[in-house]
1. Summing Lys, Arg as +1 and Asp, Glu as -1, what charge do residues with Cβ under 12 Å from the Cβ of A:VAL302 carry, A:VAL302 excluded?
2. Sorted by accessible area (1.4 Å probe), largest first, how do A:ILE244, B:ILE297 line up?
3. Below 8 Å between Cα atoms, with a sequence gap of 6+, how large is the relative contact order for chain A in percent?
4. Around A:ASP239, with a cut-off of 14 angstrom between Cβ atoms, what is the net charge of the other residues, counting Lys and Arg +1 and Asp and Glu -1?
5. Taking the dipole about the Cα centre of region A:95-200, with the C-beta of Lys and Arg at +1 and of Asp and Glu at -1, give me whichever of A:PRO158, A:PHE174, A:VAL113 is farthest to the positive side.
6. Using only alpha carbon pairs under 8 Å that are at least six residues apart, calculate the relative contact order of chain B and give it in whole percent.
7. If I ignore ligands, DNA and RNA and count only protein heavy atoms, how much of A:ARG91 is accessible to a 1.4 Å probe, in Å² to the nearest 10?
8. What is the average number of partner chain Cβ atoms found within 10 Å of a Cβ in B:143-152?
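The values are calculated or read from the model by the stated rules, or taken from the named source; none is laboratory data. All values reported here derive from a predicted model rather than from experimental measurement. Positions of Cβ are generated from backbone atoms using ideal geometry, with glycine treated the same way; all protein chains shown enter the neighbour counts. Calculation scope for accessible area: heavy atoms of the full protein, side chains included, ligands and nucleic acids excluded. Shrake-Rupley method; radii C 1.70, N 1.55, O 1.52, S 1.80 Å.
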Amino acid sequence: MSRLTKTKRTVIPCVGLLLLLSLLSCCNGKEKPGASSRFTIGVGRDLYFGPSSPIFLHGSLNVWEGLTGLDHRLEVRPLLAVNWEAQKDGRLWVFHLRKDVSFHDGEPLNAEVVVKNIERMRNPRFDLYGVYRNVKSVAVVDQFSVSFLLHTPDPVFPSRLSYFGSPMFSLKSFDYKGNIKEPLGTGPFMLKGHRKGESITLVRNERYYLGIPMLKEIVYKYIPNPSTRVSALKAGEIDAIVDIGGILPEQVPLLDRDGDIEIFKQEVATTHYLLFNTRRLPFSSQGLRQAVSRTVDREEMVQTIFGGYALPAREFFSPLAQVWMSKATKLFEGSAIAERPTENTSKHSQKVILVVNAGLAKRWPYRPVSEVIQAHLRDIGINAEINMLEMGAWKDALKRGNFDISLCPYTLMTGDPDFFFSWWMHSKGQLNVDRGIGYQNPVADDLIEEARSEMNPERRKETYDQLQEIIARDLPLTPLFHDVAIYACKKRVQGLRLDAFFRPCLGETWIKIH
Amino acid sequence: MRSYILRRFISLVPVLFLLSLITFGLLCITPGDPAEMALSRSGVNPTREAVEAMKTELGLDKPLCLQYIHWFGKALHGNLGTSYRTGEPVTQEILYRLPATMELSLAAIIFIFIVAFPAGVLSAIYRDRLVDNASRIAALLGVSLPGFWLGLILIYLFSMKMEIFPVIGRGGLNHLILPAITLGSGMAAIYSRFIRAGMLEALSQDYIQAAYARGIRSWRVITRHALKNALLPIITLFGMSFGNLLGGAVIVETVFAWPGVGKLVVDSIFERDFPVIQGVVLFMGLIYILTNLLVDITYTWIDPRVRLKRDR
C-alpha cells in the first residue's frame, strides 16, 4: 500500500506536468504546417500594426490599396483611381474612380467613401507623410469622382497619393475615433486571422476587380532571426522569403546550393547614405566632406560586401526614377568614385564618431559597410570610431548632434525628387533636422520650394538639375549604394514578383502542383 | 504557515510597486521617443505633426509623475493600459503570449530534471570515473555554448539534416523539443553539478553509513536518503533560476520564432512600448515572487525542521 502511494506521489506530478504541457501546447489550436495548399511567406518583421496605426496592416500584405500606385520606373499609374486631371494651375485635382471596386465586406467604393477616408487621413495623427497638409478641402464631384482643392499647386499630387498616401478602407472598418478595428480594404487578399507575434493569415478576395487571385490562402510567418528564416525555407516550412532585408547578401550562396530554391533580385527605391554632421568640426568643412565622398570606393563595397546585390550610388536618389537623373551627379561617376581627396585632410586627423543603427544592421550589412568606411577614412588621416546604437538611441544621438557621420537608408516613396529634397535638403526639412545634418543653404531652400509647385515639367526638371548640382557640391550627405532586394522561393512557386517598395505582387502568384 | 503565506502575499504589494516605479524611472531616462517609434513601425518617417498628435493621444505630453500616477491608478484596477504599438490592451497582449513562454519554460524544466538528476547522481556515485568525467565535460559544454548558437546547430542537425523536428513556431510536442533543449541545456549543466556536490556531501554523512549498515539496498539509500537531503539547495536554485529561464527564453524565442513573452518584451523595448514593458515586468515579477514562495513552502514539505523553526 505504502509503495503504491509512493509511486503515485512520483507519477502523479509527472503526469500532471505532462498534461499541463500538452494543454498549453494545444490551447492555440494549431494547424498542421504544410497540410494545405496555402502559400507561406517568411518575414523578418511583424507586419501587424493594430488599431493604433493608420493602416492596421503593412501594405506588403496586399489587403488595402491606394488611389494610385507607382510602377517600376516610379511613375504614377492608376489603381483605385482610373484617371485624374489637374485644374486651376494644379490647385485642383479631380480623380475618377474605378466603378467595379468593392471592399472586403461587399460595400462599393465610391466618391463618398473616398472623401470620408481622406477626411480621416487629414487628421495629422494618420497623415504620416504630411500629404494632406497642402489639402484645403476634398469633395464629391459625382458618384465616382472626387476633387481635392490644394493651398498651393502641386504637380505630383497623384504620386503623393500612392501606396501609404491614400489607403482606402470600408467605412465599417473604423471606430468612432477613426481607428481601424477591422481592415476591410480592396486588395486581392483579406485578413482571415492573426496570431500575435507569430503569423498573419490571408484569404483571397473573390471579388477582386483585377481578377480572382490564384492563391487561396497566404500565411505570413514572423521569423526574426535571419538564419532561422533561411533554415525554414530550406526545410520547406515556408515557401518564400519576401521582405525588406529578408535575405542577407551573405546568405545567398547557401540558398544557391539548394536545387529546390530560386533566388531573385529586384532594384528597389531605397538608397543608402553617409550623413555628415555639418554643424560641427570636422565635417562642417565642405572640402572634407567632398574628400570623404571621393575616398569611399562604392564599387568595391558593393562587390565585396553585397556580392553584387546592390548598385554603387552615382545619384542622390534611386535611379529607378530615371526621368529625374541629372548629369550634375558626375561627381560620383566612374573612376571619380575612388579618387584620392584633393583637400589636405591631415589637419582633421582627430577621432570622429561613426554612429550605426544596430536595428538597421539586421536588414543591411551596415557593420561591414561602416568598417570599410572606417578603413577609407583612415587612409586619409581620419580616425573613426564605430558606435553601434539601437534604433531609439541612434535617433536620439542624431537629433542631438552627438555624431560626426552616420549611415541611413531612404526610400523615395512617391517616386518624386521633392520627397527627397524637402525632407533632407531644406533647412527646415524634417530629416535634415532630426537626423542632425544641419544643412543650411537659402538658395537650395528657394529652389526646393519653387520646384514643389512648378507645373511646367521642363522647368521643374531644370530646377532639380540645379539642386542636384548644389547638393553635389555641398554634400551634406553622400549616397553610397542603391538597394537591391533579394528574395527567394521554392521552385514550385510561380509568378512571384516584388515591386520597387519591397511589396510582393501576390495577385499573380501561384503554386505549381506536381 | 497560513499567516506566513498571507504575510508574503501582503509583501507583494510594496515589492511590485517599487518594481513598477523603478521600471518607469528607467524607461523615462531611455533615449527615444515612444510616439515616433510607434508611428515608424510601418517603415515611414512620420511628420512632426503626426508624432505630436500621437503624443497627445497617448498622454505622453503630460508631466512624468502624472503619467505614472495615471498608469498606477489604472493598474490597481487591473488595467495595465494599452500598447503604444498596437493600441491593444496590454493584459490581453501578455496573456495571449504567456502560455507559450510558460509551456517553453516547463518543457525546459522537464528537460533539466531528465538530464541533470541522473547525471548528477551518477557522477556522485561514480566519482572521478568515466561517468563523472563525461558528465563534467558535458556540463562544461552546456554552460559554455551560447543559446542562440546551440539553437541554430540543433535546427541544422535535427530539422534540416534529419528532418525530425520543425524549425519554427509553436504547435505540438515536436515543436517544443529543440527550444526546450536550447533553453534548458545551460541550466541542466549547472543543476547536474549542484546535484553531484549535494549528493557527495549527503553520501559522506553518518546516517548514510548507518543505512548501509542496516542492510538497506544501495539504490534505496541513494534515492530515499541521500537524494532527498541533497534536494534542498537544488530547490533554492530552482527558485532563483526560474526567473532566468523566463528571461533566457528571449533568445530561444527569437531563434525558434516562438511567440512568447520574451519576444514581446524585446520588441517592446526596441520600440519603446512602455505600457507593455511595465506590464511584462510586473507579470514576471509576480511569477518570480510566487515561485519563490512555492519554493519556501516546498522546503517545509521536504525538510520538516524548517517548518518547526518557523512555528516557533
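1. -2
2. B:ILE297, A:ILE244
3. Dividing the mean separation by the residue count of chain A yields 19 percent.
4. Charge balance in the 14 Å sphere: +3.
5. The residue sitting farthest along the positive end of the dipole is A:PHE174.
6. 26 percent
7. 80 Å²
8. 1
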